[in-house]
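Below: the structure, in structure tokens.
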Amino acid sequence: MANFYQNAFYDPNTTAAVVVYTAPANARAIIQNIQVTNESGGKVCRASIDDASTSTTYQIAYASISGPTICNLAKGTIILEENDSLLLETNDTTAISAVCSILEISREDQNG
């Protein structure tokens with residue numbers, strides 16, 4: 001078993017939901033933060049989880065933020081099971097980005 005710390009970045013070029021991270025088939029993931037940076041203006045940002053086991057997407061966070069500011073959409077730990085995905089969406093693609101802090105827990109060793 002191996003633990004991998006990583007970041008997933010969001011720099012939107014569309015207002016549609018974008019998959020930011022998908023847990024591998026051999027791992028689960030713990031999302032600690034979804035830090036959104038809004039450099040200017042008012043934005044609406046949403047986070048969703050696509051549950052692969054039920055083929056259902058659940059909205060888990062919603063924020064209306066005025067910039068310049070930073071907002072954490074993850075108000076608590078979020079667990080992704082195998083093949084689940086984290087999606088982010090915004091109503092305006094200018095001057096907004098995000099970083100997600102993730103701990104991936106794999107059932108395989110780091111060397112494969």
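The values are calculated or read from the model by the stated rules, or taken from the named source; none is laboratory data. Being a predicted model, the structure only gives us computed values, none of them experimental. Using ideal geometry, Cβ is built from the backbone for each residue, glycine included, and neighbour counts are taken over all protein chains shown.
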Residues located in the range 1-58, provided they are of a type in the set (S, T, N, Q) and without any contact (Cβ under 8 Å) to a residue 60 or more places away in the chain: Asn38, Ser40, Ser48, Ser53, Thr54, Ser55, Thr56, Thr57
Yes/no for Thr90 being within 29 Å of Met1 (Cα to Cα) and modelled with pLDDT of 95 or more: no
Criterion violated by Ala61 - all others in (1) over 11 Å from the mean Cα position of the chain (by Cα); (2) at pLDDT 95 or above satisfied: (1)
Pair list, Cβ under 9 Å, 6 or more apart: the range 67-89 residue closer than 18 Å to Pro12 by Cβ, other residue among the basic types (Lys, Arg): Gly67/Lys43; Leu73/Arg46; Leu87/Arg46; Leu88/Arg46; Glu89/Arg46
